[in-house]
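The values are calculated or read from the model by the stated rules, or taken from the named source; none is laboratory data. Quick caveat: nothing in here was measured; it's all calculated off a predicted structure. All Cβ positions, even for glycine, are placed from backbone atoms using ideal geometry, and neighbour counts span all protein chains on display. Heads up: the accessible areas ignore ligands, DNA and RNA and are worked out on the full protein's heavy atoms, side chains in. Shrake-Rupley method; radii C 1.70, N 1.55, O 1.52, S 1.80 Å.
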Amino acid sequence: MSGGYSYSLIAQDGAARRGRIQTAHGMVETPAFMPVGTAGTVKALYTDQVRQAGADVVLGNVYHLMLRPTAERVAALGGLHRFMNWPHTILTDSGGFQIMSLGPLRTLDEQGVTFKSHIDGTAHSLTPERSMEIQSLLGSDIHMQLDECIALPAERTEVIRAMELSARWAERSKLAFEELGGPAKGQGLHGIVQGGTDIEVRLRSAQLLTDIGFGGYSVGGLAVGEPQDEMLAVLDETCPALPADKPRYLMGVGTPDDLLKSVARGIDMFDCVMPTRAGRHATAYTRFGKINLKNARHADDPRPLDEESPCPAARDYSRAYLHHLVKAGEPLSGMLLSWNNIAYYQQIMREARQAIEAGQYADFLEKTTARWAQGDLPPYTGQRRQG
């Protein structure tokens, strides 16, 4: 292990930031995309593949891990890093989003949330204090406060109520985090900005959390169905209201386009299930945009997804073979396409970091989105593409 939890800003280009987060399990280069390892695994990938793709950090989830195999069991087996064979940084989501998604299976009050397991129907409760205890048992490097994430659209009074409750839970989360020795273990705690798409409520949330003081600040409650322009408008106003010397994490986002446009507004960290979920459903993300491997146009195509990719899944297997695996229902199709997608997400984060350092982020964003808009390679006609 090395060091505690801290953030350093290396370069800035407009609002886009190039930085580093130091954790007890290593350095996280930002902007960073965190592959989602909900239940202690990034679906369909070995941890070695995740690391080789360029990931410095993965995400685990309190809700799923507390139910199975339980945080106490993981702790007895040496903690989540050892349990999942990932000796690098781990961030844990508090479980609030998953619990709120349970609908009639949960009830909420000032103390916390009571809910029934989606696995076996057993009753559980989660308070800010219990969420911190679970994350401490798991041994993650970056903890999230317990918050209430509401579905949008919602009445303004409901948005304000949920934001204020989340702020009170944030204060309790910080107190429990400190009592559990998080700072002494080199761990970091993030507060979560809520407020829907209401800018005034968002700014109030940011101020309340800044007054409490956290190691980092997350923007939650977005990517829940609102249009991209509304999400970006929230970031335009929220990011400048957050401390410049702390990392900013946009939770649950998103497409490659979402990521790069959010980086332009000052976001440092992302997570999303999209790259692995899309891979399991025959979709590849590449510099040519999204590619649907179910499409018959690939059936006789000997070309790879992208011969310039550093990822073997994109470079060493033909489109015809990937199409065959998809049509045959072979699990290897999801494994290879998930690998490609995680690698591509890491590639655009790496290119974003380089562009910010060079002071060329706007140009990089324009060229990358233009390449996506051009679309995939022309259909294969038996002739290798020239140039």
Ranked by accessible surface with a 1.4 Å probe, highest first, in what order do 249, 46 come?
46, 249
Counting Lys and Arg as +1 and Asp and Glu as -1, each charge on the Cβ, what is the dipole of the chain about the Cα centre in debye, to the nearest 20?
1120 debye
Would you mind checking which residues have amide H under 5 Å from residue 272's amide H? H placed 1.01 Å from N; only 5 or more apart, or other chain.
34, 36
Which value, in Å³ per residue, describes the convex hull spanned by the Cα atoms of the range 169-297?
134 Å³
Which one of 264, 302, 312 is farthest out on the positive end of the charge dipole of the range 257-323, using unit charges on Cβ (Lys, Arg +1; Asp, Glu -1) and the Cα centre as origin?
302
How much accessible area per residue does the range 74-196 have, counting only protein heavy atoms and a probe of 1.4 Å, in square angstrom?
41 Å²
For 345, 317, the accessible-area ranking with a 1.4 Å probe, largest leading, is 317, 345
So for each of 166-177, 318-329 I average, over its residues, the number of other beta carbons within 10 Å; can you give me the resulting order with the highest mean first?
166-177, 318-329
Among trypsin sites (Lys or Arg not before Pro) in the range 239-313, those in a DSSP loop whose Cβ has at most 14 other Cβ atoms within 10 Å are 294
Projected onto their principal axes, the Cα atoms of the range 162-203 stretch, largest extent first, over whole-Å spans of 37, 16, 11
In deg cm²/dmol, rounded to the nearest 500, the helical mean residue ellipticity at 222 nm of the chain, built from -39500 (n - 2.57) for every DSSP H run of length 4 or more, is -12000 deg cm²/dmol
List the lysines whose Cα sits under 25 Å from the Cα of residue 43, skipping any in the same chain fewer than 8 residues away.
116, 290, 294, 327
Which whole-number percent gives the relative contact order of the range 254-359, counting Cα pairs below 8 Å spaced six or more residues apart?
30 percent
What does the charge dipole of the range 239-377 about its Cα centre add up to, to the nearest 20 debye, if the Cβ of each Lys and Arg holds +1 and the Cβ of each Asp and Glu holds -1?
320 debye
Return the carbon/sulfur percentage of the accessible area of the chain, one whole number, probe 1.4 Å, all protein chains in place.
50 percent
